[in-house]
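**Q** I'd like to ask you about the structure that follows.
The values are calculated or read from the model by the stated rules, or taken from the named source; none is laboratory data. Note that the structure is a prediction, hence the values are computed from the model and not measured. All Cβ positions, glycine included, derive from the backbone under ideal geometry; neighbour counts span all protein chains shown. We work out accessible area using only protein heavy atoms, side chains counted, and drop any ligands, DNA or RNA first. Shrake-Rupley method; radii C 1.70, N 1.55, O 1.52, S 1.80 Å.
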Amino acid sequence: MRQFTTGDLNKQVGDVTDAASREPVVLTRHNKPRFVLMSYEHYERMRSGGDPRRAHHISEMPDEHAELFDDAIERLAHGEGYDDEP
């Protein structure tokens, strides 16, 4: 995630908002993260839960994802990896 200072926001509002239109950006003040700026569309997807990139805590992982995860861990444990796939 890109970072800008709050001063950058004042001086380069176009550059900062352009970056935020592509992905959320962090605004820092005194070298500490203070705000996140993102497009309204990204905010709405996040707020509504419509973003398919949702992360799950392992205890809340959907069953079909848990099965895929378990299978992948098992293959790695047996020395199989990405290079083994056709």
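**Q** Does region 1-8 contain any residue that is open to solvent by 80 Å² or more (accessible area, probe 1.4 Å) and in a helix (DSSP H, G or I)? Break it down into steps so the answer makes sense when it comes.
**A** Taking region 1-8 as the starting set, the residues that turn out to be open to solvent by 80 Å² or more (accessible area, probe 1.4 Å) are 1-3.
Applying the additional criterion that residues be in a helix (DSSP H, G or I) yields none.
Scanning region 1-8, I find no residue that is open to solvent by 80 Å² or more (accessible area, probe 1.4 Å) and in a helix (DSSP H, G or I), so the answer is no.
**Q** Within region 23-34, how many residues are in a strand (DSSP E or B) and without any contact (Cβ under 8 Å) to a residue 12 or more places away in the chain? Walk me through how you get there before you give the answer.
**A** Our first condition is that a residue be in a strand (DSSP E or B); within region 23-34, this holds for 25-29, 32-34.
Checking which are without any contact (Cβ under 8 Å) to a residue 12 or more places away in the chain leaves us with 32.
Residues that pass the stated criteria total 1.
**Q** Still on this model: Restricting to region 36-60, and then to whatever is more than 12 Å from the chain's Cα centre (by Cα) and of a type in the set (Gly, Ala, Ser), can you tell me which residue is modelled with the highest pLDDT?
**A** Per the criteria, the residue is Ser39.
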